[in-house]
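Novice: To start, I am sharing the structure in question, which I have written as structure tokens.
Please treat every number below as a calculation from the coordinates, not as lab data. Given the structure is predicted, the values throughout are model-derived calculations rather than measurements.
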Amino acid sequence: PASADFIRSLPKAELHLHIEGSLEPEQMFDFARRNRVDLPFRTVEEVRAAYAFTNLQDFLDIYYQGAQVLRTEEDFHDLAMAYFRRLAADGGVHAEISFDPQTHTDRGIPFQVVADGLLAGMAAAERELGVTSRLILCYLRHLDEESAFATLRAAEPYLDRITGVGLDSSEVGNPPSKFARVFQASRERGLKLVAHAGEEGPPDYVWQALDILGVDRLDHGNRALEDADLTRRLVDQGTTLTVCPLSNLKLCVVPSLEAHPLRRMLDLGLKATVNADDPAYFGGYLLDNYARVAAALGLDRAQLARLARNSITGSFLDAAAQAPHL
Ligand code: ADE
Ligand code: ZN
């Protein structure tokens, strides 16, 4: 089996990472203390014990609660920088990190505080670690279209520093079609488009992400495999799928890593990548995701190199910026 050292040595980009999902329990207590926020937990062990999920919503409830400790520009800077240090240690060279502005603006934290903090962390990571990054603004799909439009308006002064928009949160019952207009408006502003689809939702939601939203990349996409025509479409288009093995395991999208569809995706010719999603909640960062799914599925070095290469070519870096990593 491929060693962790081999995987670490591959230049890799992380394309599906919620920065709020990198909040480690220790950090949650630090931020709660410095911001005088009350937590319903007394110890790190109690927090970790609460991370037993049976579905996406179980996780989201606790993830939005955890995010309440984030209040200042410094918090967002420190959160991002801690993530980038781990990414660099895993041999990551680039990250396209998502953030959920509505989680913060809805509790009175200004958009600017969040964006300025994250952008400062991204600049520091490039300076100090040599890790490049891009920012993806995610609309929360459990909220309405007007709230998404308000978020796009709040982001207006930052659009030169935001690469794309995404769609996350509770999938079932909140189809991509609900956000057709705000995605169109986002596209008109020159933003790249991604969306979570086919994590828990049906293949029809993946069709909608492609045909109604016109996404440039698909987050998850697992359930696309249930539809042969859809699978063929994704192969023919060369759509990058940002797959998250440990997330799928913890949210019971798959019963075991041995049953994960990643190997099948590669065999079918889909452009799959490996990502951590919410590493502090799902028990592993980028390298753990590669190593554990590789061990479970028996992926060889060529397949791992393919996954790493897909992450670079599937990124929103231009060809000149990709070249040193290929
Ligand atoms: N927000 C953070 N992680 C998510 C996931 N895996 N699916 C949907 N929304 C999310
Ligand atoms: Zn996600």
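Novice: Expressed in nm to one decimal, what extension gain is obtained for the pair Ala89 and Glu226 from 0.36 nm per residue of sequence separation less their Cα-Cα distance?
Specialist: 45.7 nm
Novice: What's the long-distance tail for segment 169-294, i.e. % of Cα pairs beyond 21 Å?
Specialist: 38
Novice: Now a separate question. Let me have the 222 nm mean residue ellipticity of the chain computed from DSSP H runs of 4+ only, each contributing -39500 (n - 2.57), with the sum over all residues rounded to the nearest 500.
Specialist: -14000 deg cm²/dmol
Novice: How large is the convex hull of the C-alpha atoms of the chain per residue, in Å³?
Specialist: 123
Novice: Here's a follow-up. By how many nm would the segment from Ser147 to Arg36 lengthen if fully extended, with 0.36 nm per residue of separation less the alpha-carbon distance?
Specialist: Working it through step by step, the gained length comes to 37.1 nm.
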